1. Step by step: first the residues of segment 173-202, then only those that are in contact (Cβ under 8 Å) with a residue 40 or more places away in the chain and part of a strand (DSSP E or B), then the one that is most open to solvent (accessible area, probe 1.4 Å). Which residue is that?
2. Scan segment 232-247 for residues that are part of a loop (DSSP other than H, G, I, E, B) and exposed (fewer than 15 other Cβ atoms within 10 Å of the Cβ) and report the count.
3. What number of residues in segment 193-248 are of a type in the set (D, E, K, R), touching a strand residue (DSSP E or B) at 6+ places or on another chain (Cβ under 8 Å) and under 27 Å from T152 (Cα atoms)?
4. Kindly indicate which of T212, T157 is assigned by the TED database to the domain that holds N128 and exposed (fewer than 13 other Cβ atoms within 10 Å of the Cβ).
5. Which residues, counting only those in segment 29-41, are modelled with pLDDT under 95 and open to solvent by 40 Å² or more (accessible area, probe 1.4 Å)?
6. Given the criterion outside the structural domain of G141 (by the TED database), within 30 Å of K104 (Cα to Cα) and either modelled with pLDDT of 95 or more or in contact with a Gly (Cβ under 6 Å, 6 or more places away or on another chain) (or both), identify the matching residue among C184, C169, C219.
7. Pick out, from segment 127-172, the strands (runs of 3 or more DSSP E) lying fully within it that include 3 or more residues that are polar (S, T, N, Q) and out of contact with any Cys (no Cβ under 7 Å at 6 or more places or on another chain).
8. Select from segment 59-70 the residues that are open to solvent by less than 70 Å² (accessible area, probe 1.4 Å) and in contact with a Pro (Cβ under 9 Å, 6 or more places away or on another chain) and list them in ascending order.
Amino acid sequence: MGSRNIVPDGEACPSNSPAKENNADARFFKLSLKEGSFKSVSPIVIHKTILAMVGEVKTIKKCKNGKLLIETANDKQAALIVNLKKIGENEITVAPHYSLNQAKGVISESEFQYDTDSDIMEYLRNQNVSAVKRISVRKDGQYVPTKHLIFTFSVPTLPKSVIIAYINCPVRPYIPNPLRCYKCQKFGHSIQSCRGTETCARCAEVGHTSNTCTAAPLCANCKGDHLSYARSCPRWKNEKEIQAVRVR
């Protein structure tokens with residue numbers, strides 16, 4: 001049986017593996033007007049059209065970008081909605097939503113630690129897996145591959161397990177680590193969009209990096225006596241829980 005160890009909370013870097021889109025099991029669809037935005041279209045017109053052409057779907061939502069997001073209830077509705085051409089008098093286009101029709105899960109199995117992503121993928125193509133990424137952890141300045149593998153499934157519901165060769169591997173939801181800026185050390189954004197100041201990840205002082213810093217540890221986020229990226233940080237734990245809630 002597959003190992004049930006949890007994913008390490010160390011700084012991780014998944015390896016790259018190409019993803020393939022599979023829309024056969026899509027449940028979420030985005031509708032776009034060929035001209036204009038759904039913001040100006042009556043909800044009554046939208047609902048009557050969807051009800052007549054597709055049936056009573058699970059959810060209909062207007063998005064901030066002017067598109068319409070619809071969650072269908074079954075395969076029959078999914079097959080019908082892709083052929084929808086108009087909402088009222090408005091011509092539309094329909095496409096499966098890329099991210100909402102996927103699910104990400106993790107397995108931990110030491111038996112496959114030295115197999116390549118492509119070799120593992122060969123056993124998963126008929127199990128709705130579109131991509132495989134191995135988690136690596138940074139040790140002594142180098143990334144070391146682990147036994148933990150992230151699978152991207154081309155269906156919105158995560159399976160309980162997958163079979164690789166003759167081993168049944170339990171699958172659990174993939175919960176990404178919090179996004180932390182390497183410049184200002186704050187959570188929620190990356191260095192590319194940072195408007196803050198350079199802050200040391202070791203001592204929380206402004207104006208230098210942690211590469212050569214030897215000062216006593218001080219967290220820039222909670223002011224505790226640890227590094228800003230320590231997994232023991234209360235702020236880090238809180239951000240991790242937020243990620244878990246988002247996944248669930």
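1. The selected residue is P173.
2. So the answer is 1.
3. So the answer is 2.
4. T157
5. Residues satisfying the conditions are K34, E35, G36, K39, S40.
6. C184
7. 142-153
8. If the condition is that a residue be open to solvent by less than 70 Å² (accessible area, probe 1.4 Å) and in contact with a Pro (Cβ under 9 Å, 6 or more places away or on another chain), then I60 is the only one that fits.
The values are calculated or read from the model by the stated rules, or taken from the named source; none is laboratory data. Fair warning: this is a prediction, and the values are worked out from it, not measured in the lab. Using ideal geometry, Cβ is built from the backbone for each residue, glycine included, and neighbour counts are taken over all protein chains shown. Accessible surface areas use protein heavy atoms only, side chains included; no ligands, DNA or RNA. Shrake-Rupley method; radii C 1.70, N 1.55, O 1.52, S 1.80 Å.
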